[in-house]
Amino acid sequence: MGRGFWKAVGPGILFAGAAIGVSHLVQSTRAGALFGLWLLPVVLLAHAAKYPAMVFGPRYAAATGRSLIEAYREQGRHALGLFALIAIGTSFTILAAVTMVTAAVVRTSLGLEGVSVVAIAAGLLVLSALTVACGGFRWLDALLKVLMVLLLAATLVAAGSALPRMEWAAALIVPAGLGLAALPFVVGLVGWMPAPLDITVWHSLWTLDRAKQTGHTPTHQQCRADFDIGYALCAVTACSFLLLGAVLMHQRGVETPEGSAPFVAQLFDLYAEAIGAWVRPVIAVAASAVMLSTTLTVFDALPRTAQTLTSVAMGRERPAVRSRLYWGFTLLISFGAIAIIYTARHSLVPLVHLATTISFVGTPLLAAFNHRAMHSAAVPAAHRPGKAMRRASLACVWLWAGFAVLYVWQLVVGF
């Protein structure tokens, strides 16, 4: 690996930091708690089926020097408008969900039960704003690399400790709730597993920022290697948390509470009870690293995306205008997230389900837009995917389209 590769590494870590959050710590753990190992293939399928569309984000940016938002504009107003609708429909809830879960993790880890989750969430948003304002992309990139190392080490230690306790016969018994009644949960799990597909736009923006920071334009091989590192980290973490949920909750018949704070507290208690008191700080570090990294990256990505979307739509690319838009959207999205956290502080489940459903239904649209972008004339022939990747991408577009139609049909008329 040469110096060029290390200069390219960074956006993939930010991708993992943004992706590994509610979908992993909460949704994957719940999947294991409710259904044992039966949803493990679903988690792996979600990663495989989203891979082509997700890797196209950084590859398009590296090949063209432009973000996917500009690619959507070239495809027509309908593409840009549909992306904007999906982003608006999920942005506030995404930041509210990840910040609320992060606040619950921090409160439990530090023993701050007397402090409200809303107050801690507000403090986390202020801390995120200071981090971005003081260090920008450079601080975000460096901090996320540290958090990802802590996350991987702590998660693997916890999962490795739980694996010998797995009762394989019990884990493979078909749960009573595994059927059509579980479809809404599976849709929520897949919608944000490993992340909603609009993260590909964030990734293209981070790739451009990393190139500006280092002065190095990555090759498509370097881009893919950086992405694969982050994507593998997402898959390993998701499977680890599902395994922990299966061992510590499902096979012991433990019911999971709805609220984020009670769920996190219960999770920590179960780790300590089943594995030993020594694992509590380990899982606290893992959970804190998971959620802090997600909060930081989402806090930066959402206003950055909104700013770029507005600039591209209005044709204003001046740095001063971009900066004002960025901080204006930062304030708007942050206040909106705090309002959601305060009004739905006892349970964000309905809002999270709505956001994950929007992400799930929007997945085939964004996958198709990304496919068209990567195979457009704007991408040099040497940077375009080969036949195998092209076919895999088309297959995934149709797969997600079929699932989305099936789900909407079930919602409207049932089976």
Those helices of the chain passing the 18 Å axial Cα length cut-off and the mean Kyte-Doolittle cut-off of -1.0 (DSSP H runs only) are 40-64, 77-110, 117-162, 199-214, 220-245, 260-275, 279-314, 319-343, 349-374, 387-413
Checking Ser91, Ser161, Ser28 against a Gaussian network model of the chain (alpha-carbon springs below 10 Å), the top fluctuating residue turns out to be Ser161
Per-residue ellipticity at 222 nm attributable to helices in the chain (runs of n ≥ 4 DSSP H, -39500 (n - 2.57) apiece, nearest 500 deg cm²/dmol) works out to -26500 deg cm²/dmol
Checked the stretch 38-100 against the a/c 1.5 cut and the a/b vs b/c comparison, axes a ≥ b ≥ c from its Cα gyration tensor; verdict oblate
So for R0 = 45 Å, FRET eff. of Met314-Glu113 from the Cβ-Cβ r, to 0.05, ends up at 0.45
Contact order relative to length for the chain, counting C-alpha pairs under 8 Å separated by 6 or more residues, stands in percent at 38 percent
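Regarding the stretch 1-115, what's the average projected area of the Cα-atom convex hull, expressed in nm²?
11.1 nm²
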Listed residues Val22, Val282, Val405; largest mean-square fluctuation, Gaussian network over the chain with Cα springs below 10 Å, found at Val405
Expressed in nanometres to one decimal, the distance between label points 7 Å along Cα→Cβ at Ala377 and Ala272 is 6.5 nm
In terms of the alpha carbon gyration tensor, root eigenvalues a ≥ b ≥ c, rounded if a/c is under 1.5 and otherwise prolate when a/b exceeds b/c or oblate, the stretch 211-275 is prolate
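Values quoted throughout were computed directly from the atomic coordinates according to the rules given, and no laboratory measurement underlies them. In this text the structure is predicted, and so the values were computed from the model without any measurement. Reconstructed Cβ throughout: ideal geometry from the backbone, glycine too, with neighbour counts over all protein chains shown.
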